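Participant: Take a look at this one; I'll ask things after.
Here, each number is a calculation from the coordinates, and none is a lab measurement. The structure displayed is predicted, hence computed values, not measured ones. Positions of Cβ are backbone-derived with ideal geometry, glycine not excepted, and every protein chain shown enters the neighbour counts.
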Amino acid sequence: MIFDQDGNISIITQEKATIIELVKKLQALYPKFENNNIIVNLTSLSKISLEEIVEFLQLSNIHRAAHHSFVIVTNKVDFDSMPDEILVVPTLQEAYDIIEMEEMERDLGF
């Protein structure tokens, strides 16, 4: 797991461990980046199932309730089957775009 910081965005890149291991590590380390927007980059992993994406749902809900963005990046899922409660995009640039749009919405009071 690799942590990068880009302004107020924490980018977490997963390379080897399973999704469940990653979620457990993120939950344990959450205080470290709870005040930042989060991008979880899973592009280096092979096919990812809906069940694995849903593992992030609790953490995503907590983070979004605190008015921060939580975006997962992977191009190895069926986007039509993803739940609306979690943001999954195919590229890192789209994750940045989503965060920018959500920050504007928060600034406008939405």
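Participant: In the neighborhood of residue 51, defined by Cβ-to-Cβ distances under 15 Å, what is the net charge if each Lys or Arg adds +1 and each Asp or Glu adds -1? It would help to have the intermediate numbers written out before the result.
Facilitator: On the way: positive: 47, 76; negative: 21, 52, 55, 78, 85.
Residues near residue 51 contribute -3 overall.
Participant: OK, next. Please give me the summed charge of the neighbours of residue 33: other residues whose Cβ is under 13 Å from its Cβ, Lys and Arg +1, Asp and Glu -1. The partial results should precede the final answer.
Facilitator: On the way: positive: 25, 32; negative: 4, 6, 34.
The answer is -1.
Participant: Relative to the Cα centre, what is the charge dipole magnitude of the range 25-64, using +1 at the beta carbon of each Lys and Arg, -1 at the beta carbon of each Asp and Glu, and rounding to the nearest 20 debye?
Facilitator: So the dipole magnitude of the range 25-64 works out to roughly 120 debye.
Participant: Dimensions of the chain along principal axes (Cα, Å, largest first)?
Facilitator: Reported extents, whole Å, longest axis first: 38, 31, 23.
Participant: Helix 19-33: angle to the longest alpha-carbon principal axis of the chain, degrees 0 to 90, nearest 10?
Facilitator: For helix 19-33, the angle is close to 30 degrees.
Participant: Of all DSSP beta bridges in the chain, what percent run antiparallel (nearest 5)? Intermediate values should be presented prior to the final figure.
Facilitator: Values: 5 of 17 bridges.
Of those bridges, close to 30 percent are antiparallel.
Participant: OK, next. Cut-off under 12 Å on the C-alpha distance; same-chain residues fewer than 8 positions from residue 47 excluded. Which aspartates and glutamates are left, in chain and number order?
Facilitator: 78
Participant: Something else about it: Could you please report the charge total around residue 77, scoring K, R as +1 and D, E as -1 over all other residues with beta-carbon less than 10 angstrom from its beta-carbon?
Facilitator: On the way: positive: 47, 76; negative: 52, 78, 80.
Result for the neighbourhood of residue 77: -1.
Participant: Sticking with this one: Using the crude model of +1 on Lys and Arg Cβ and -1 on Asp and Glu Cβ, and no other charge, please compute the dipole size for the chain relative to its Cα centre, in debye to 20.
Facilitator: Working: 8 positive and 19 negative charges, 102 e Å.
Charge dipole, the chain, about its Cα centre: 500 debye, nearest 20.
Participant: Now, a different point. As I understand it, the value is the acute angle between the Cα axis of helix 92-107 and the longest principal axis of the Cα atoms of the chain; what does it come to in degrees, rounded to 10?
Facilitator: The answer is roughly 30 degrees.
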